[in-house]
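Colleague: Input: one structure, supplied below.
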Amino acid sequence: MAQAITYTRFGGPEVLALTDVEVGDPGAGELAIRVEAAGVNPLDHKLRSGARASGEITAPRRVGSDAAGIVTSVGADVEGFRPGDAVVVAGATGAYATDLVVAARQVWLRPPAVSAPVGAALGIPAGTAYQTLRSLAVGAGDTLLVHGGSGAVGQAVIQFATLWGATVLATTSDRRAARVRALGATPLSYAEGLEERIRAAAPQGVTAAIDIAGTDEALAASLALVSDRSRIATLVRGKDADGLGIRGFMGGSPRPLSAGELAWRAEAIAVTLPLIAAGAFSVELGPSFALRDAADAHRQVEAGVDGKVVLLP
Ligand SMILES: NC(=O)c1ccc[n+]([C@@H]2O[C@H](COP(=O)([O-])OP(=O)(O)OC[C@H]3O[C@@H](n4cnc5c(N)ncnc54)[C@H](OP(=O)(O)O)[C@@H]3O)[C@@H](O)[C@H]2O)c1
């Protein structure tokens, strides 16, 4: 019998329970996957606690969207996958599980150089980073300001943006400055006086900004420094974006992602896997937890942790 993490009411990490679940055979266009690792994203605990609205709970809710594993069976009309293939899953429903059935369009072949935990760390962070940079058309000639550069999304933003030729400044705790610098950005403390520090570090000016911190200071600095508001995005304060005249990509935004934005989020996985295999993109892993200890994993992520937390079923 397959097992999965579920919850039946909003609340603290203690609402998460390991439960037996039925996993049927894959239908047309689907794959069955034995999960080797599942990524834990901040969205998961925001949905669990009710901080991110998601409608009334009428049946046990599953958790998690990102995973890596092994294909166990292939549904009709699916090409390019065989049982035994190592894969990455992004955008699934209920990735905190021993087994999953997902649409083949949510699955990518995983090169041998990409471990299951690294593969499980990609979906939301790499997808969001890539889509946001593409939406803002960041590239050579840009000076990009990233608020929250040391987190999973921030690290992906820094790496794509520097690969595409942009100059990147990224806010971080002093403790994490070396990591941000190693990825190619100029680290800046997010302590008081941020705007002045940015002006000193970027006398040429800042042409685009991405908020992954959600603080008032981050939004104020972006608004003060980037003249074109269509090149400022927030991933955390989406509900404030329209009022400020900036871009909000989810993060509580009332506007769903467009088909094109969703396509970029999927494209990111196909782009990132070969970069990792070539040693040109780095994923920082944090602590791992057994599936049954998903509540502890959420406590860790909510408290703040260096690197991506993964569950190992
Ligand atoms: N809109 C979307 O589609 C979307 C997608 C993914 C994530 N998100 C949101 O983006 C946020 C980050 O996600 P994540 O997965 O990158 O989380 P994460 O890996 O847990 O990283 C969070 C980071 O926030 C940094 N931080 C804390 N206080 C800060 C401050 N005052 N100023 C700047 N940075 C600060 C921390 O840096 P230090 O450790 O250096 O202090 C940490 O590295 C979450 O709120 C998440 O829900 C939104």
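The values are calculated or read from the model by the stated rules, or taken from the named source; none is laboratory data. Nothing here was measured: the structure is a model prediction, and the numbers come from that model. Ideal geometry is used to build each Cβ from the backbone, glycine not excepted, and the neighbour counts take in all protein chains shown.
Colleague: Within segment 217-230, is even one residue in a strand (DSSP E or B) and near the ligand (Cβ under 10 Å from one of its atoms)?
Modeller: no
Colleague: Give all pairs with beta carbons closer than 9 Å in which a residue from segment 141-157 that is under 19 Å from residue 204 (Cβ atoms) and among the hydroxyl-bearing types (Ser, Thr, Tyr) meets a residue that is more than 6 Å from the ligand (Cβ to nearest atom) and part of a loop (DSSP other than H, G, I, E, B); count only pairs at least 6 apart in sequence or on separate chains.
Modeller: 143/166; 143/202; 143/204; 143/205; 143/206; 143/207
Colleague: Just the residues that are in a loop (DSSP other than H, G, I, E, B), small (Gly, Ala, Ser) and free of Cβ contacts under 8 Å to residues at least 24 places away in the same chain, please, taken from segment 278-306.
Modeller: 278, 279, 304
Colleague: Just name the residue that is farthest from the ligand (Cβ to nearest atom) out of those in segment 139-160 that are farther than 30 Å from residue 36 by Cβ and surrounded by 24 or more Cβ atoms within 10 Å (Cβ to Cβ).
Modeller: Within segment 139-160, the match that is farthest from the ligand (Cβ to nearest atom) is 144.
Colleague: Would you please name the residue that is modelled with the lowest pLDDT, looking only at residues in segment 233-255 that are closer than 17 Å to residue 134 by Cα and within 11 Å of the ligand (Cβ to nearest atom)?
Modeller: 250
Colleague: On to the next question. If we only count strands (runs of 3 or more DSSP E) wholly inside segment 120-216, which ones have 3 or more residues that are of a type outside the set (Ser, Thr, Tyr)?
Modeller: Correct list: 143-147, 167-172, 208-211.
Colleague: Going through 273, 312 one at a time, which residue ends up being surrounded by 21 or more Cβ atoms within 10 Å (Cβ to Cβ) and more than 16 Å from the ligand (Cβ to nearest atom)?
Modeller: Unique residue meeting the criteria: 273.
Colleague: Oh, and also: Every residue in segment 231-274 that is part of a helix (DSSP H, G or I), within 15 Å of residue 137 (Cβ to Cβ) and in the same structural domain as residue 136 (by TED's automatic domain parsing), please.
Modeller: Passing the criteria: only 231.
Colleague: Also, quick follow-up: Among what's in segment 180-196 and is under 21 Å from the mean Cα position of the chain (by Cα) and surrounded by fewer than 18 Cβ atoms within 10 Å (Cβ to Cβ), pick the residue that is farthest from the ligand (Cβ to nearest atom).
Modeller: Out of the qualifying residues, it is 184.
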